[in-house]
Amino acid sequence: MGEVDEKPFLKVCRQRFSGENVELEQAMLCSKWQKTLKDPSWYPFKRIGTGEKMKEVVDEEDEKLKNLRKEWGEEVKNAVKTALVELNEFNPSGRYTVPVLWNFEQERKATLKEGIAHMIKEIKTRKRNLP
């Protein structure tokens, strides 16, 4: 959780650059924003609501996010925003990525039950393949 999705970066870099530079530019851009996400001095969140219903949301008026959208587009900004939300939700104190069991078919965090079911399926498959 908290890793920047590279697909939007690759898409925009393919539109702007050509040849071998595409992957290099995309890697540099992703790396820059992954580093920015880990910077504890940057906190682009605001609190909305009151009392028990108060929650933190990404501040769309944050200068870095506004400049990112202006320079690289909405999809890239949304990829960074998603990573920010994940970091804040799963590890707000340390701002470093956290491994999480993921259900790729449904694009969400997997439950423990799903993880165990997958492991049992893998074990059965491997047992059948043994000589």
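Points to keep in mind about this one:
- Selection within the stretch 102-121: residues that are aliphatic (A, V, I, L, M) and more than 22 Å from Glu86 (Cβ to Cβ). The member of this set that is most open to solvent (accessible area, probe 1.4 Å) is Met119.
- Selection count, the stretch 66-94, where residues are hydrophobic (A, V, I, L, M, F, W, C), free of Cβ contacts under 8 Å to residues at least 40 places away in the same chain and under 16 Å from Ser31 (Cα atoms): 1
- From the list Glu71, Glu86, Glu56, Glu23, the lone residue that is modelled with pLDDT of 90 or more and either closer than 20 Å to Lys7 by Cα or not in a helix (DSSP H, G or I) (or both) is Glu71.
- Test set (1) part of a helix (DSSP H, G or I); (2) at pLDDT below 85 - Ser18 fails condition number: (1)
- The residues of the stretch 37-51 that are assigned to a helix (DSSP H, G or I) and surrounded by fewer than 16 Cβ atoms within 10 Å (Cβ to Cβ) amount to a single one, Gly51.
- Residues located in the stretch 7-48, provided they are small (Gly, Ala, Ser) and either over 26 Å from Glu89 (Cβ atoms) or touching a Lys or Arg at 6+ places or on another chain (Cβ under 6 Å) (or both): Ser18, Gly19, Ala27
The values are calculated or read from the model by the stated rules, or taken from the named source; none is laboratory data. These figures come from a predicted structure and were not determined experimentally. Heads up, the Cβs are rebuilt from the backbone with ideal geometry, glycines too, and the neighbour counts pull from every protein chain shown. Accessible surface is based on the protein model in full, side chains and every heavy atom, while ligands, DNA and RNA are left aside. Shrake-Rupley method; radii C 1.70, N 1.55, O 1.52, S 1.80 Å.
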